[in-house]
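Asker: Below you will find the structure I want to go over with you.
The values are calculated or read from the model by the stated rules, or taken from the named source; none is laboratory data. Keep in mind that what you see is a predicted model, and the values were worked out from it rather than measured. Cβ: placed from backbone, ideal geometry, glycine included. Neighbour counts: every protein chain shown.
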Amino acid sequence: MSFHANGTLLAGSDNRPNQPLGWCNEPGASLHHMIDWAGLRDFWNRLVRDGRQAAMERYVSIVGFEGNAQWIVNEVVNGRIYAVRDSDRMAYDSLDMALCWQCYNLFEGPPSGFRPAHSPDPGEYLRHFADLGANSFDFPIVVPPHGFRANTLYRAFLQMAEFNRSGGEGALRLCLDLLESVSDLDVIPAYAVNWFGLPKAQFLGLTPVQRERFFRACRRHGWRPSDEQVNQAYAEATAT
């Protein structure tokens, strides 16, 4: 379990559940958070510490907890998070996973250490400051309609950070409204993200079929093709 006895999430990335199996379409890809894990953890922990039971129930439903939101929140609020019978363990594990991983907040991409220079992992810079409450937003260049989702999540992230800081009711309500508006969306596939450094106008100008052709041509060379290989892949994808 990744919870303290009072139902707050433990600090440190090593305590979060492993990424969900079967959520990646691209072999060898990893899932990346837009609103980062530290921000999600701090948000949940503020809800728990402030005893915001109604907001907790709404949030648990938004993030996709597979069970009765009212029951699991009541368990947390009443300090039964560690008094886990074998018959209840799956529910707690499901809560743990739901709080750390939400389809609408994820995109596919290179595993750690293979992010390109034009799209670095913001978590690498902030990793050493996680215990101080630092968090970040990862916002790659994505094709429509995913850009609207990313912009919505960025606005939610700002309100989440404000609530984490102040506990303000307005920030909490707006954050939950924004998250709920995108909660039915799936993981952004790797081919919808500009991983290979094409000029933005060129990348956004590709048709869906061309975009996937371009991605596959680049991936033949791994996650870090040369500029020449990228240009060749683009030529192949756009050839009539």
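Asker: Tell me whether segment 167-183 contains one or more residues that are modelled with pLDDT of 95 or more, under 16 Å from the mean Cα position of the chain (by Cα) and either outside any helix (DSSP H, G or I) or not assigned by TED's automatic domain parsing to the domain that holds residue 60 (or both).
Answerer: For segment 167-183, residues modelled with pLDDT of 95 or more, under 16 Å from the mean Cα position of the chain (by Cα) and either outside any helix (DSSP H, G or I) or not assigned by TED's automatic domain parsing to the domain that holds residue 60 (or both): present.
Asker: Looking at 66, 108, 26, which one is assigned to a strand (DSSP E or B), within 30 Å of residue 140 (Cβ to Cβ) and of a type in the set (D, E, K, R)? Explain how you work it out, then say what you get.
Answerer: Values: 66 fails: assigned to a strand (DSSP E or B); 26 fails: assigned to a strand (DSSP E or B).
Going through 66, 108, 26 in turn, just one is assigned to a strand (DSSP E or B), within 30 Å of residue 140 (Cβ to Cβ) and of a type in the set (D, E, K, R): 108.
Asker: Which of the following residues is on the phi > 0 side of the Ramachandran plot and modelled with pLDDT of 90 or more: 64, 133? Steps first, please.
Answerer: Details: 133 fails: modelled with pLDDT of 90 or more.
Exactly one residue qualifies, and that residue is 64.
Asker: Would you check if there is a residue in segment 224-237 being in a helix (DSSP H, G or I), of a type in the set (Lys, Arg) and either in contact (Cβ under 8 Å) with a residue 60 or more places away in the chain or under 18 Å from residue 141 (Cα atoms) (or both)? Lay out the reasoning, then the answer.
Answerer: Going residue by residue through segment 224-237, those that are in a helix (DSSP H, G or I) are 227-237.
Next cut, of a type in the set (Lys, Arg) only: none.
Checked against the condition, which is being in a helix (DSSP H, G or I), of a type in the set (Lys, Arg) and either in contact (Cβ under 8 Å) with a residue 60 or more places away in the chain or under 18 Å from residue 141 (Cα atoms) (or both), segment 224-237 yields no hits at all.
Asker: Follow-up question, since we're still on this one. Is there a residue being surrounded by fewer than 19 Cβ atoms within 10 Å (Cβ to Cβ), more than 20 Å from the chain's Cα centre (by Cα), modelled with pLDDT of 90 or more and in a loop (DSSP other than H, G, I, E, B) anywhere in segment 71-93?
Answerer: No, there is no match, as no residue in segment 71-93 is surrounded by fewer than 19 Cβ atoms within 10 Å (Cβ to Cβ), more than 20 Å from the chain's Cα centre (by Cα), modelled with pLDDT of 90 or more and in a loop (DSSP other than H, G, I, E, B).
Asker: Please state which one of 204, 153 is aliphatic (A, V, I, L, M) and either under 22 Å from residue 117 (Cα atoms) or part of a loop (DSSP other than H, G, I, E, B) (or both).
Answerer: Details: 153 fails: either under 22 Å from residue 117 (Cα atoms) or part of a loop (DSSP other than H, G, I, E, B) (or both).
Going through 204, 153 in turn, the sole match is 204.
Asker: Run residue 196 past the list (1) touching a residue at least 60 places away in the same chain (Cβ under 8 Å); (2) part of a helix (DSSP H, G or I) and report the number of the one that doesn't hold.
Answerer: Of the numbered conditions (1) touching a residue at least 60 places away in the same chain (Cβ under 8 Å); (2) part of a helix (DSSP H, G or I), the odd one out for residue 196 is (2).
Asker: Take the residues in segment 11-23 that are touching a residue at least 12 places away in the same chain (Cβ under 8 Å) and in a loop (DSSP other than H, G, I, E, B); name whichever of them is surrounded by the most Cβ atoms within 10 Å (Cβ to Cβ).
Answerer: Going through segment 11-23, the residues touching a residue at least 12 places away in the same chain (Cβ under 8 Å) turn out to be 11-13, 15-17, 19-20, 23.
Narrowing further to those that are in a loop (DSSP other than H, G, I, E, B): 11-12, 16-17, 19-20, 23.
Details: 11: 17, 12: 14, 16: 19, 17: 15, 19: 16, 20: 15, 23: 14.
Among residues in segment 11-23 that are touching a residue at least 12 places away in the same chain (Cβ under 8 Å) and in a loop (DSSP other than H, G, I, E, B), the one surrounded by the most Cβ atoms within 10 Å (Cβ to Cβ) is 16.
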